[in-house]
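Engineer: Handing you a structure now.
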Amino acid sequence: MPEAYERHLVPFSFRPFAIDLAARAAALRPRTVLELAAGTGALTSALLTAVPAASVVATDLNEAMVIAGSAREPRADWWQADAQELPFEDGSFDLVVCQFGVMFFPDRPAAYTEVRRVLTPQGRFLFNSWGPLASHGFGAAFQTALEQSMPEGAPPFLNAVPHGYSDPAVVTADLTAAGLTLANAEEVTLEGVAESAASVATGFLTGTPVSAAVQAREDAQALQAAVTQRMTDRLGTGAVTAPMTATVYIAHP
């Protein structure tokens, strides 16, 4: 999964927002940065470029992601870590940053409480979360193609998890419950560019938990072909583009 994630999903979906988030991080002039849910290191690399004088610790719960990320971006200090039980001392970082990871935390107030604990008193928590699935052109096209190809019931993963934490009021309530104060929330729409609709389909089918449901089927190869064709019909041939919307949050203790 990390290989498919890096090869097919990062370029169009994560790298544009990594550049945006890293620029916002640089404006805060941090010296010590903790990244949560770092994945294969798209934001990690952008942070090291944007804030070259800062020390960056990158963490992820998934050991395979940590292995892949540390090989890809060895300039950071990589740790396997649970965001709900961070293995760091109180007040260790003046910036905690997370790109599209908070949606996966089982207990977000608990994770945010850990963020508050490891932040310095003047520290900042910078993170983003996807908007509704309909606001992500590639994700919406994939889910529609998947549902058309699996009329008996398609996995609801994209809508339920990555795009299931899109209400700023809910995010604000979780931050407040953890003792953090929201300083700013900004909706950002960026254009994603993928090498092909087939690459997008491959990314979602093999680089996300959707893969488990697909690969368990006897007709997995035919299903992937059907989804790919439907996405190509919708998005076009050759390089494809689509808008993607997320909300960027800044909070502090």
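The values are calculated or read from the model by the stated rules, or taken from the named source; none is laboratory data. Given the structure is predicted, the values throughout are model-derived calculations rather than measurements. For neighbour counting, all protein chains shown are included, and Cβ atoms are generated from backbone atoms with ideal geometry for every residue, glycine included. Heavy atoms of the whole protein, side chains included, go into the accessibility calculation; ligands, DNA and RNA do not. Shrake-Rupley method; radii C 1.70, N 1.55, O 1.52, S 1.80 Å.
Engineer: Take A222 and decide whether it is surrounded by 14 or more Cβ atoms within 10 Å (Cβ to Cβ) and either of a type in the set (D, E) or outside any loop (DSSP other than H, G, I, E, B) (or both).
Structural biologist: So A222 does not fit the description; no.
Engineer: Restricting to segment 18-48, count the residues that are on the phi > 0 side of the Ramachandran plot and buried (at least 20 other Cβ atoms within 10 Å of the Cβ).
Structural biologist: Going through segment 18-48 one residue at a time, the tally reaches 3.
Engineer: How many of the residues in segment 169-198 are over 19 Å from R117 (Cβ atoms), open to solvent by 10 Å² or more (accessible area, probe 1.4 Å) and either in a strand (DSSP E or B) or among the polar types (S, T, N, Q) (or both)?
Structural biologist: 11
Engineer: Would you point out the residue of segment 1-17, among those that are aliphatic (A, V, I, L, M) and surrounded by fewer than 24 Cβ atoms within 10 Å (Cβ to Cβ), that is modelled with the lowest pLDDT?
Structural biologist: Restricting to residues being aliphatic (A, V, I, L, M) and surrounded by fewer than 24 Cβ atoms within 10 Å (Cβ to Cβ), the top hit is M1.
Engineer: Within segment 121-149, how many residues turn out to be in a loop (DSSP other than H, G, I, E, B) and open to solvent by less than 10 Å² (accessible area, probe 1.4 Å)?
Structural biologist: 1
Engineer: Out of the residues in segment 73-120 meeting the condition of being in contact with a Ser or Thr (Cβ under 6 Å, 6 or more places away or on another chain), open to solvent by 20 Å² or more (accessible area, probe 1.4 Å) and not in a loop (DSSP other than H, G, I, E, B), tell me which one is nearest to A46 (Cα to Cα).
Structural biologist: It comes out as W78.
Engineer: Can you name every residue in segment 49-72 that is more than 14 Å from A25 (Cβ to Cβ) and buried (at least 22 other Cβ atoms within 10 Å of the Cβ)?
Structural biologist: T59, D60, M65, V66, G69
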